[in-house]
Amino acid sequence: MENLGQNNMAVKVTFIDDAKQSREEERHENVDENNSNRLAITQYIGETDTHLDALISRFAHTLTNYSLRNLGYPTNQDFNYEALAPLFQFHLNNAGDPFLGSGLSLNSMKFEVSVLDWFAKLWEIEKNEYWGYVTTGGTEGNLHGILVGREQLPDGILYTSEDSHYSIFKIARMYRMQCVKVASLISGEIDCVQLETSLLSNKDKPAIINLNIGTTLKGGIDDLDLVIKTIDKCGFTNDQFYIHCDGALLGIMLPFMKQALRISFKKPIGSVTISGHKFLGCPSPCGVLITRLKYINALSRDVDIISSRDATITGSRCGHAPVFLWYALKKKGLTGLENEVHNCIFKARYLLNQLRRAGIGAMLNEYSNIVVFERPLDDNFTRKWTLASDKNIAHVVVMKHVTIEMLDTFVREFVQERYVWYKDGQVQPLCIAKDVGSKNCACSIHKLSSNY
């Protein structure tokens, strides 16, 4: 009845989403037609350094402007790797197993192992019990972690919440695995009641479970301990299930927050992955995958031509990425990382309060830096602030580079534009109660809860 009442009372609002207009605006926003022609590779004799420098300088200027409004995607722009410039004149290739080395001497595997040792300690697994490598990003980490689970349990069913990253469903198709999509709670975390029902319905087959240590849209954190209890309740023994933890953003942040979920290999998990370019900040996508050493023999093969073992998803691997990660961890230290985590959480709560005080429906999960709110009605505004959106909601991911000044400007412009969209109260905000809960919705039916 409540939904029927919402449909009758709410005024229908259509998103400004004209495809042709969007393409035209995006073309003008990035580069004009003449600049696009300059980027075309057409010269037989090559371009002059002066011309190339001008193009790169113009592109850098454009990127600088974008970075001032980069709010919706989890990439930390606050980093400085100038000290590593001497390494850019070398091709570094980490093909092979980082723990065995490679026939190609131009590699950074010693740096890579130092990074892996750091994460192994963070997630509480002994040096002689783990294996891992630096990946191209979270998706490759998911590819590897779920592959390990599939190799251990060839007929296993993949379970994952509906809020999982899109790569999980792509992986299920690639590996041709049966995939059960489990419902999520309002927070975005997996619904363990529904998980239990699904597990019991397929008790004749092993379970490969992907858990989100921070969902993409809402930053919802799957309750690892409750999931383990649910698996046990359903009668699955340790050799009948495998848990992969997708910790792309929050996997490195949670250990620095008191009372937060503890990610640990002392619990029956099989693998954990994070993205290095997200919280830490790197100029190119990268990530880390840690799993149990005992699982790797089933995946690996000796390869003579690289004098190493092939146990990774890709063959050639960027050798600069491990050095970026090593440098960031070395320079920040545990204290620096902890301060950055708490600073991001503080600014996320600040943004939540500012939005709600302005009468804008918004939600923030505990231990998360992702603020979810009603989707702006104008796609131009969404693109201007590089917001990520899905149906009726959008979000801001508060990273280190995001300042209070940026957030204040964003909220101020949001309020000004919203005044126009909703015609000074003549049109009511969209109802987002089913996405963020009724207490976080600002529609005419639910209003915003004053308890925040």
Residue list for region 419-445, restricted to those being among the charged types (D, E, K, R) and touching a helix residue (DSSP H, G or I) at 6+ places or on another chain (Cβ under 9 Å): Lys434, Lys439
Count - residues of region 70-89 that are surrounded by fewer than 13 Cβ atoms within 10 Å (Cβ to Cβ) and either in contact (Cβ under 8 Å) with a residue 60 or more places away in the chain or within 25 Å of His144 (Cα to Cα) (or both): 3
Residue tally, condition in contact with a strand residue (DSSP E or B) (Cβ under 9 Å, 6 or more places away or on another chain) and surrounded by 23 or more Cβ atoms within 10 Å (Cβ to Cβ), over region 395-409: 5
Inter-residue pairs, beta-carbon under 9 Å, first at positive phi and in region 220-237, second surrounded by fewer than 17 Cβ atoms within 10 Å (Cβ to Cβ), 6+ apart: Gly235/Leu200; Gly235/Lys203
Cβ pairs under 9 Å, 6+ apart, first in region 45-60 and over 20 Å from Pro283 (Cα atoms), second assigned to a helix (DSSP H, G or I) and open to solvent by less than 70 Å² (accessible area, probe 1.4 Å): Glu47/Leu55
Residues that are open to solvent by 10 Å² or more (accessible area, probe 1.4 Å) and under 15 Å from Gly437 (Cβ atoms), drawn from region 358-378: Met363, Leu364, Asn365, Glu366
Pairs with Cβ under 7 Å, 6+ apart, first in region 350-372 and charged (D, E, K, R), second open to solvent by less than 10 Å² (accessible area, probe 1.4 Å) and assigned to a strand (DSSP E or B): Arg356/Ala362
Test for Ile208: is it aliphatic (A, V, I, L, M) and in a helix (DSSP H, G or I): no
Test: residue in region 330-346 that is surrounded by 14 or more Cβ atoms within 10 Å (Cβ to Cβ), modelled with pLDDT of 95 or more and of a type in the set (Gly, Ala, Ser): no
Search result, residues across region 75-100 that are touching a helix residue (DSSP H, G or I) at 6+ places or on another chain (Cβ under 6 Å) and over 30 Å from Asn369 (Cα atoms): Leu92, Asn94, Ala95, Gly96, Pro98
Test set (1) in a helix (DSSP H, G or I); (2) within 23 Å of Asp163 (Cβ to Cβ); (3) open to solvent by less than 60 Å² (accessible area, probe 1.4 Å) - Phe381 fails condition number: (2)
Qualifying position, being in contact with a His (Cβ under 8 Å, 6 or more places away or on another chain) and under 30 Å from Phe90 (Cα atoms), among Ile313, Ile305: Ile313
Failed item, numbered, when Gln43 is tested on (1) over 29 Å from Ala328 (Cα atoms); (2) outside any loop (DSSP other than H, G, I, E, B): (2)
Residue match in region 300-311 (condition: under 30 Å from Asn238 (Cα atoms), of a type in the set (A, V, I, L, M, F, W, C) and touching a residue at least 24 places away in the same chain (Cβ under 8 Å)): yes
Residue ID - farthest from Leu104 (Cα to Cα), chosen from residues in region 269-297 that are out of contact with any Ser or Thr (no Cβ under 9 Å at 6 or more places or on another chain) and open to solvent by 50 Å² or more (accessible area, probe 1.4 Å): Lys294
Residues of region 158-202 classified as part of a helix (DSSP H, G or I) and open to solvent by less than 20 Å² (accessible area, probe 1.4 Å), total: 7
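The values are calculated or read from the model by the stated rules, or taken from the named source; none is laboratory data. The structure presented is a predicted model; accordingly, all values stated were derived computationally and were not measured. Backbone-built Cβ (ideal geometry, glycine too); neighbour counts: all protein chains shown. These accessible areas exclude ligands, DNA and RNA; they are computed on the full protein's heavy atoms, side chains included. Shrake-Rupley method; radii C 1.70, N 1.55, O 1.52, S 1.80 Å.
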